Amino acid sequence: MIAMKSFNYSIQTHFYVGPGQFDNLGDIVRDLGKKAFVVTGKNTLSRGGLQNRLSAMLKNSGVEYVLYTNAMPNPTTIIVDEGSKEFLDSECDFIIAIGGGSSIDTAKGIAVAAYHRRPIWDFMDPNKEKEKIIGAYPIIAVPTTSGTGSEADGAAVITNPANSLKPSFKSYYTFPKYSIIDPELVKSLPPSMTASTGVDAFCQSLECYIGPAATPVSDMFAYESLRLCIDNLQKAYEDGNDIEARSKMAWAAALSGMAMATSATSLVHALEHPLSGKYNITHGDGLAALLPSFIEFGYKYNPKRYAEITKLFISNVDDIDELALASMLKDEVLRFLEALGKRLTLKELGVPKNDIEILAQDAQKTLVGALKNFQKEVTTQDIVNIYLKSYE
């Protein structure tokens, strides 16, 4: 008999989930202060009259706001530190992040940097002892994509443009206080971004499920997230107005964040971060290029879990042994990615083959926790081999 694994679990976020939930923002902000710092991308609020709705709700609640529209894919330390200064100069009380994971991660970085009056890199630098996070300003997360799960965990990923490193920080204090998961806000997301962000949710859940850091709680969240992605991502990709598919993908993304809160990602994320940090590749596209080769490398180290994921793709497998079933996952994932237009290679993404050795070195110091969330010690040559198999 296998003993139940010990674990710690806590989540500090109050979720508002479902179509129309954005309309609750006015009530949510009342107890957080009199001035909000709204972190978003340059064009996000122009879609669907979001800025007018936001302004009306905050005005009715007696809350002023400052707009910070510098959030961008693969957010940088510069953007975070500039936002921190503006937050403090404007004497804001809390942050509303509206956008994809990059906007929410930017908001988390600002919440930490402003609270401590320090550059965000002090809390992230993998080459020295990091400063301890002892607090953060409150955050309301309003995702307009379905992928990163940042609305449901305390982690954020920020790139330092000075060295192209893309590490993360994770804290109890940076869980959003509230998250509004309204699939109506995702309907206008283009098909390619629907696919890329959905692949991120799928990878996060898969990595949390197969790694040794998995817990009974993360298993519950990750498995359901995987099921929802497999059943609904292609539907949302093919018809952005399918509100049922959008709703289920929005929840799948949040579940992937909850899984990460008590487990961890693994090699796919550890190897992708140097790619998007160095070449500004769309995160989900980098994951899509690496995932099949990772599965080919990893399935034999935990065949039971890989086989369980394969069963989510295909039925009538009772006569197939576990190892064979685990080995089939790569082909199922390739078909899954093909249907989403995301069967990609590193060569197609513009990664120079000559950089692979450098990328392998960066991967070993960027997301160290993710690199360790595997059944064996991962060598430099293992990393190089996965990159090479993903190249073309």
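The values are calculated or read from the model by the stated rules, or taken from the named source; none is laboratory data. Note that the structure is predicted; figures quoted are calculated from it, not measured. So basically every Cβ, Gly included, is an ideal-geometry build from the backbone, and we count neighbours across all protein chains shown.
Structure notes:
One line per residue, one yes/no per condition, for (1) out of contact with any helix residue (DSSP H, G or I) (no Cβ under 7 Å at 6 or more places or on another chain); (2) assigned by TED's automatic domain parsing to the domain that holds GLY48; (3) surrounded by 24 or more Cβ atoms within 10 Å (Cβ to Cβ):
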site: GLY147; (1), (2), (3): no, yes, yes
site: ALA155; (1), (2), (3): no, yes, no
site: PRO212; (1), (2), (3): yes, no, no
site: SER225; (1), (2), (3): no, no, yes
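Matching residues to (1) in contact with a strand residue (DSSP E or B) (Cβ under 9 Å, 6 or more places away or on another chain); (2) of a type outside the set (S, T, N, Q); (3) surrounded by fewer than 23 Cβ atoms within 10 Å (Cβ to Cβ):
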| site | (1), (2), (3) |
| --- | --- |
| SER46 | no, no, yes |
| VAL66 | yes, yes, yes |
| THR69 | yes, no, yes |
| MET72 | no, yes, yes |
| ALA97 | yes, yes, no |
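- Selection from the stretch 197-243 of residues that are acidic (Asp, Glu) and either under 15 Å from ALA270 (Cα atoms) or in a helix (DSSP H, G or I) (or both): ASP200, GLU207, ASP219, GLU224, ASP231, GLU238
- Taking the stretch 126-176 as the range and being more than 12 Å from the chain's Cα centre (by Cα), of a type in the set (Asp, Glu) and modelled with pLDDT of 95 or more as the test, only GLU131 passes.
- Count of the stretch 177-225 residues, restricted to those that are within 23 Å of GLU377 (Cβ to Cβ) and of a type outside the set (A, V, I, L, M), is 9.
- Taken together, ILE28, ILE104, ILE11 contain a single residue that is at pLDDT below 95, within 24 Å of MET258 (Cβ to Cβ), outside any strand (DSSP E or B) and β-branched (Val, Ile, Thr), which is ILE11.
- Of the residues making up the stretch 313-349, those that are under 18 Å from ILE386 (Cβ atoms), surrounded by fewer than 18 Cβ atoms within 10 Å (Cβ to Cβ) and of a type outside the set (D, E, K, R) number 2.
- Within the stretch 224-251, residues that are over 21 Å from ILE210 (Cα atoms) sit with their Cβ atoms under 7 Å from residues that are basic (Lys, Arg), at 6+ positions apart or across chains, in these pairs: ASN232/LYS248; ALA236/ARG246; GLY240/LYS187; ASN241/LYS187; ASP242/LYS235; ALA245/LYS235; ARG246/LYS187.
- When we screen ALA264, ALA245, ALA213 for residues that are farther than 16 Å from ASN74 by Cβ, touching a Lys or Arg at 6+ places or on another chain (Cβ under 6 Å) and not acidic (Asp, Glu), the only hit is ALA245.
- Selection count, the stretch 149-172, where residues are among the basic types (Lys, Arg) and touching a residue at least 24 places away in the same chain (Cβ under 8 Å): 1
- Among the residues of the stretch 107-153, the one identified as in contact with a His (Cβ under 9 Å, 6 or more places away or on another chain), outside any loop (DSSP other than H, G, I, E, B) and more than 25 Å from CYS208 (Cα to Cα) is ASP122.
- Of all the listed residues (ALA270, ALA253), the sole one being under 26 Å from ASP362 (Cα atoms), of a type outside the set (D, E, K, R) and either in a helix (DSSP H, G or I) or at pLDDT 95 or above (or both) is ALA270.
- First in the stretch 342-367 and touching a residue at least 24 places away in the same chain (Cβ under 8 Å) and under 25 Å from ALA195 (Cα atoms), second anywhere and of a type in the set (Lys, Arg) and surrounded by fewer than 14 Cβ atoms within 10 Å (Cβ to Cβ), Cβ under 9 Å, 6 or more apart: ARG343/ARG335; LEU346/LYS353; LYS347/LYS353
- Residue in the stretch 288-302 that is more than 19 Å from GLU338 (Cβ to Cβ), surrounded by 21 or more Cβ atoms within 10 Å (Cβ to Cβ) and in contact with a helix residue (DSSP H, G or I) (Cβ under 8 Å, 6 or more places away or on another chain) present: yes
- Some residue of the stretch 303-312 being over 24 Å from LEU371 (Cα atoms), of a type outside the set (Lys, Arg) and surrounded by fewer than 22 Cβ atoms within 10 Å (Cβ to Cβ): yes
- Cβ-Cβ under 8 Å pairs, at least 6 apart or on other chains, the stretch 49-60 side outside the structural domain of GLY33 (by TED's automatic domain parsing) and surrounded by fewer than 18 Cβ atoms within 10 Å (Cβ to Cβ), far side acidic (Asp, Glu) and assigned to a helix (DSSP H, G or I): none
- Residue in the stretch 199-208 that is in contact (Cβ under 8 Å) with a residue 60 or more places away in the chain and touching a Phe, Trp or Tyr at 6+ places or on another chain (Cβ under 7 Å) present: no
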